Amino acid sequence: MTPEELQSARDRTVPDVVAGGLRVLFCGINPSLMTGATGHHFAHPGNRFWPVLHRSGFTPRQLQPAEQAELLRYGLGITNVVARATARADELSAEEFREGGQILAAKVELLRPQWLAVVGVTAYRTAFGRRTARIGPQDHTIGDARVWALPNPSGLNAHWTAQTMAEEYGRLLACVDHDTGTPDVLDVPAGLDVSTGLTEDR
């Protein structure tokens, strides 16, 4: 993919991978330019989301970004705090994070996942005003959904290796399996606009 093609993806939005009643809704910070260009979440080659998801036991094999719809078979989905694609997360303003948190909360209340897993504790702190939040389960709930802050799988996050990330993701999986057992995935409600979490006619 050329630099020009990547730059043309700036500010583009990418549809969520969602359904009602998910076991876990994973929430990224915002789409990268590669994700914006391809339409596939966590598509940057340096991003470790897909290998970590497999290593932790969430998926039986490592999925490719283009196979993202397969997540629904396992009761998993993907959304973002902020919808627009940028080259780096630090291009986003605190106000965008707060607005994104409000949209995300409405989406979670509508879709009713059992867990919301935000992959980036700094984004979680800013979006929901939880300044002292740390990696792990939170005392914050959204509707009936419990919240877990996970390490950001970006290759720029040098504090975490793929293995230590997989261990933390595995802690979440152990709680999910304890609570839910076999995945039970429902269809997305008719007319759902997953970019806003609101219903509209199409």
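The values are calculated or read from the model by the stated rules, or taken from the named source; none is laboratory data. Owing to the predicted nature of the structure, the values given are computational and were not obtained by experimental measurement. We place every Cβ from the backbone using ideal geometry, glycine too, and count neighbours over all the protein chains shown. Surface areas here come from the heavy atoms of the whole protein model, side chains and all, with no ligands, DNA or RNA. Shrake-Rupley method; radii C 1.70, N 1.55, O 1.52, S 1.80 Å.
Quick notes
- Residue check for G120: surrounded by fewer than 18 Cβ atoms within 10 Å (Cβ to Cβ) and at positive phi: no
Listed here are the residues, each with its yes/no results for (1) of a type in the set (D, E); (2) at pLDDT 95 or above.
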{"site": "D90", "(1), (2)": "yes, no"}
{"site": "W115", "(1), (2)": "no, yes"}
{"site": "Q138", "(1), (2)": "no, yes"}
{"site": "P183", "(1), (2)": "no, no"}
{"site": "L198", "(1), (2)": "no, no"}
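- Matching option when the condition is in a strand (DSSP E or B) and either farther than 16 Å from N47 by Cβ or open to solvent by 70 Å² or more (accessible area, probe 1.4 Å) (or both), among P113, P137: P137
- Pairing residues of region 1-26 that are at pLDDT 95 or above with residues that are among the aromatic types (F, W, Y) and surrounded by 14 or more Cβ atoms within 10 Å (Cβ to Cβ), at Cβ distances under 8 Å and at least 6 apart in sequence or on separate chains, gives R23/Y74; R23/W115; V24/F58; V24/W115; L25/W115; F26/F49.
- Scope region 67-103; condition open to solvent by 70 Å² or more (accessible area, probe 1.4 Å), in a helix (DSSP H, G or I) and more than 18 Å from L25 (Cα to Cα); matching residues: D90, E91, E95, R98, E99
- Those residues of region 53-66 which are open to solvent by less than 10 Å² (accessible area, probe 1.4 Å) and of a type in the set (A, V, I, L, M), in sequence order: L53, L63
Quick grid of which residues meet (1) open to solvent by 10 Å² or more (accessible area, probe 1.4 Å); (2) of a type in the set (S, T, N, Q); (3) over 19 Å from Y124 (Cβ atoms); (4) under 14 Å from the mean Cα position of the chain (by Cα):
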| residue | (1), (2), (3), (4) |
| --- | --- |
| S8 | yes, yes, yes, no |
| D16 | yes, no, no, yes |
| G28 | no, no, no, yes |
| L33 | yes, no, yes, no |
| T38 | yes, yes, yes, no |
| H41 | no, no, no, yes |
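- Scanning region 126-155 for residues that are without any contact (Cβ under 8 Å) to a residue 40 or more places away in the chain and out of contact with any helix residue (DSSP H, G or I) (no Cβ under 9 Å at 6 or more places or on another chain) gives D139, T141.
- Those residues of region 27-66 which are without any contact (Cβ under 8 Å) to a residue 24 or more places away in the chain and outside any loop (DSSP other than H, G, I, E, B), in sequence order: W50, H54
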